[in-house]
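Accompanying notes for the structure given below.
The values are calculated or read from the model by the stated rules, or taken from the named source; none is laboratory data. This structure is a prediction, so every number in the text was calculated from the model and none was measured. Please note: Cβ atoms are built from the backbone with ideal geometry, for glycine as well, and neighbour counts cover all protein chains shown.
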Amino acid sequence: MQPWFVRENKWRAARYGMEAIIIQNAAGDERLVTDDTQDLLARLEPVADRLGCLPELFGVQTIISGGASYQRQLAVAARNDGSLKAVVASLVAELRDGVAPPA
């Protein structure tokens with residue numbers, strides 16, 4: 001791909017996060033980053049199985065389906081009238097329990 005496409009994808013990922021639409025190839029075809037990641041996970045599954053790291057690979061799927069941390073934080077804030085204390089409490093619970101609740 002052209003170097004400016006790569007830079008553009010980096011900007012889009014930083015700006016739009018999991019909702020980013022990224023450039024796929026030199027022709028400029030675009031796709032939602034989570035859809036592209038789903039396909040990549042499917043391609044990597046046999047390799048992860050051989051390496052014995054399927055749970056780690058499936059952790060990426062958990063992020064896609066349950067939301068990234070920033071998405072969960074925004075959801076908590078929305079449910080709690082923008083309360084930063086509620087967001088921090090949610091983060092503390094996630095870190096303590098090792099489990100991220102759904103967004």
Just one of Leu40, Leu91, Leu57 is in contact (Cβ under 8 Å) with a residue 12 or more places away in the chain, assigned by TED's automatic domain parsing to the domain that holds Glu19, touching a helix residue (DSSP H, G or I) at 6+ places or on another chain (Cβ under 9 Å) and in a helix (DSSP H, G or I); which is it?
Leu57
Verdict on Asn25 being among the polar types (S, T, N, Q) and either over 18 Å from the mean Cα position of the chain (by Cα) or within 21 Å of Thr62 (Cβ to Cβ) (or both)
yes
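Yes/no matrix, rows are residues, columns are (1) closer than 30 Å to Leu44 by Cα; (2) charged (D, E, K, R); (3) exposed (fewer than 12 other Cβ atoms within 10 Å of the Cβ):
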residue: Ser65; (1), (2), (3): yes, no, yes
residue: Tyr70; (1), (2), (3): yes, no, yes
residue: Leu74; (1), (2), (3): no, no, no
residue: Lys85; (1), (2), (3): no, yes, yes
residue: Val92; (1), (2), (3): no, no, yes
residue: Leu95; (1), (2), (3): yes, no, yes
Got a number for residues in region 31-47 being surrounded by 12 or more Cβ atoms within 10 Å (Cβ to Cβ) and over 14 Å from the mean Cα position of the chain (by Cα)?
3
When the residues of region 4-37 are narrowed to those that are of a type in the set (Asp, Glu) and part of a helix (DSSP H, G or I), which ends up nearest to Arg72 (Cα to Cα)?
Glu19
